[in-house]
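Shown next, in structure tokens, is the structure this report addresses.
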Amino acid sequence: MKAFDVFYQQFITKGGYKTVLLGLLTTLQIAIIGLLIGIVLGTLIAVVKVIPKYKKLPKALNAICNVYVGFFRGTPMVVQLLIGYFVLMPALGISLDAVVVATIVFGLNSGAYVSEIMRAGIQSVDVGQLEAGRALGLPFSTAMLKIVIPQSIKNILPTLGNEFIVLVKDTSIVSFIAVTDLTKAFRQIGDANYEYIVPYLFLALVYLVIVMLITYLIKLMERRLKRSERKQ
Amino acid sequence: MKKIISLILSALMLLAGVLTLASCSKTQKIGVQAGTTGEYFVNGDEDWGFTGIEGYQANGYNNIGLAVKDLKAGNVKYVVADEAPAKEIVKSIDGVKVINVPLTEEEYAFGVDKNQPALLASINSILANKQADIQAIFAAYAAGTAQAIETKAQDNSKADQQLVVATNAAFPPFEYKDGDKFAGIDIAIMKLVADELGMELVVVDMDFESVVTSVGKNGVDVAAAGLTVNETRKESVNFTTSYYNAAQVLITLASDTAFDNCKTADDVLAVLAGK
């Protein structure tokens, strides 16, 4: 078992696990904060898109949302990362940590996808709910925030969980902008001796465990949200 | 109208299919690390002065180790890599060998941010005056007695006290990760430079394609990644004086005897052309 011995030496004896733990933290940080940014942005965009025609919402706002969603869904995330880090930042003359840039790009990207998920969720709630709220004298924003969105979140929770899983796995591309994430950390271990089998299998295992944990968490949340349902 | 469009589309698809088949049958693949001299050497590149290898096409991998793995799996016929890493690889991977004929002549140098001429001058003077230390570094890595190097995390608030070095740590013996620390000849020389200048050494590890681009952006001062001096790269960075004479070499399966009698690069290319 030469391959395993080499891995053990790099991972345990020489302390490679420290890099891996830091990488794991980076991966989770980018994915979790990215998803949070995405949910906030996505909800805002979804609301803009479902606001009824009689409301005097500037058309410009709708157009901006369309361009934003179009760009972030229409280009690969790697390209967005490279543009953000190597083109935009020097052009604007700002200097941010690569992890921060990655988090922002992941948030913006996720926002575009979540906006569509949220829109589907909002539309899945019976329009009578909003109308009832309005009839009771609630302003549109309150009716939306307190009546429609909470119900829609219940509907979209599985899809949102899917988005989170995708985000976690997509973080494996951030090494393009010099971030050492989970994948990069294991790749470094493999590169040190050109022994890739064990590091890559371990890498797959770690991602698998993370995703299984997320799946379990979402199941717990779904169960909690089910409590409000009428017993049949 | 619909009929015409569908006809055109099917014609295009047919063409694409034929082209794919044609390119498969004609060219054989040589594994390289994407963005490196090897890739330009195989495919040919005007800026580099390479005419390419007739009948072969480069298959770019993320690092050279993966290319050699694919050579063993039979997906590429040969691998072209830098000499020193190639020799390092055949030590770790069984069943492959290096054809000991330099195919190119090239020089490694560090790429310095164009806005920091003072840093370029200091590195050049250290490279000139610290020859003994640099020789010792090369000797230590050749003997396998070198130690991993302590580096700091990047901190933008003290940018002027940190020497930020961009690299691709998948290139033993020039740069690689030894456990949780960086190691390698380039890193050791950069440590020497940082110590001389009284600065902290920061190493940022990224994909090789990003290394040259990153210099001068987001605090990166120097690229140290076994960089071959080249006109295209000179547009992005100022090169220091060179510290190593490198060459591309061919890696083949150990069972391959076609190159046994090759003495010069032309001999190797002749065997390649004869297939």
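Values in this text are rule-based calculations from the coordinates and carry no lab data. Given the structure is predicted, the values throughout are model-derived calculations rather than measurements. Here the Cβ is made from the backbone with ideal geometry for all residues, glycine too, and neighbour counts use every protein chain on show.
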- Query: What residue among B:Ala73, B:Ala188, B:Ala159 has the largest mean-square fluctuation in a Gaussian network model of chain B, using Cα springs under 10 Å?
  - Reply: B:Ala73
- Query: Hey, rough spin-label estimate for B:Leu9 and B:Ala143, points 7 angstrom out along Cα→Cβ, what's it come to in nanometres?
  - Reply: 7.0
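Obtain the radius of gyration and the Kirkwood radius of segment A:22-180 from its C-alpha atoms and give Rg over Rh.
On the Cα set of segment A:22-180, Rg over Rh gives 1.04.
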- What residues have an amide H closer than 5 Å to that of B:Val96, excluding those fewer than 5 places away on the same chain, when H is modeled at 1.01 Å from N in the peptide plane? B:Ala254
- Expressed in angstrom and rounded, the centroid-to-centroid distance over alpha carbons for segment B:230-266 and segment A:119-133 is 66
- Item | Simple spin-label estimate for B:Glu46 and B:Ala153 in nanometres, 7 Å along Cα-Cβ | 4.7
- Query: Tell me, in nm to one decimal, what length is gained between A:Lys146 and A:Lys219 on full extension, where the rule is 0.36 nm per residue of separation less the Cα-Cα distance?
  - Reply: 23.9 nm
- Item | Per-residue [θ]222 nm for chain B (sum of -39500 (n - 2.57) over DSSP H runs n ≥ 4, rounded to 500) | -12500 deg cm²/dmol
- Along segment B:49-61, Karplus-curve 3J(HN,Hα) (6.51, -1.76, 1.60; θ = phi - 60°) to the nearest Hz, with x for Gly and Pro, reads x, 9, 8, x, 9, 4, x, 10, 9, 7, 10, x, 10
- Under 16 Å from B:Lys130, Cα to Cα: lysines that are on another chain or at least 8 residues apart: B:Lys191
- Query: Can you flag which of B:Lys97/B:Lys263; B:Lys97/B:Lys177; A:Lys184/B:Lys152 are past 20 Å Cα-Cα?
  - Reply: B:Lys97/B:Lys177
- Query: By count of other Cβ within 10 Å, fewest leading, how are B:Ser122, B:Ser157 ordered?
  - Reply: B:Ser157, B:Ser122
- Item | segment A:85-92 - phi-based ³J(HN,Hα) in whole Hz, Karplus 6.51/-1.76/1.60, Gly and Pro as x | 7, 9, 10, 5, 4, x, 5, 7
- Item | Fluctuation leader among A:Val127, A:Val48, A:Val20 - chain A, Gaussian network, Cα springs under 10 angstrom | A:Val127
- the protein assembly as shown, Cα convex hull volume normalised per residue, Å³: 220
- Item | Inter-centroid distance (Cα atoms) of segment A:25-49 relative to segment B:91-113, Å | 45
- So what J values fall out for segment B:79-91 if you push phi through Karplus, 6.51 cos²θ - 1.76 cosθ + 1.60 with θ = phi - 60°, rounded to Hz, Gly and Pro as x? 10, 10, 8, 5, 4, 4, x, 4, 5, 5, 5, 5, 6
- Message: Neighbour counts of other C-beta atoms within 10 Å: give me B:Val68, B:Val101 arranged from fewest to most.
- Response: B:Val101, B:Val68
- Which lysines, on any chain, are close to B:Lys234 with Cα under 19 Å apart, when same-chain ones fewer than 8 places away are left out? B:Lys114, B:Lys217
- Message: Can you compute the modelled spin-label distance between B:Ala128 and B:Ala34, with each label point 7 Å from Cα toward Cβ, in nm?
- Response: 4.0
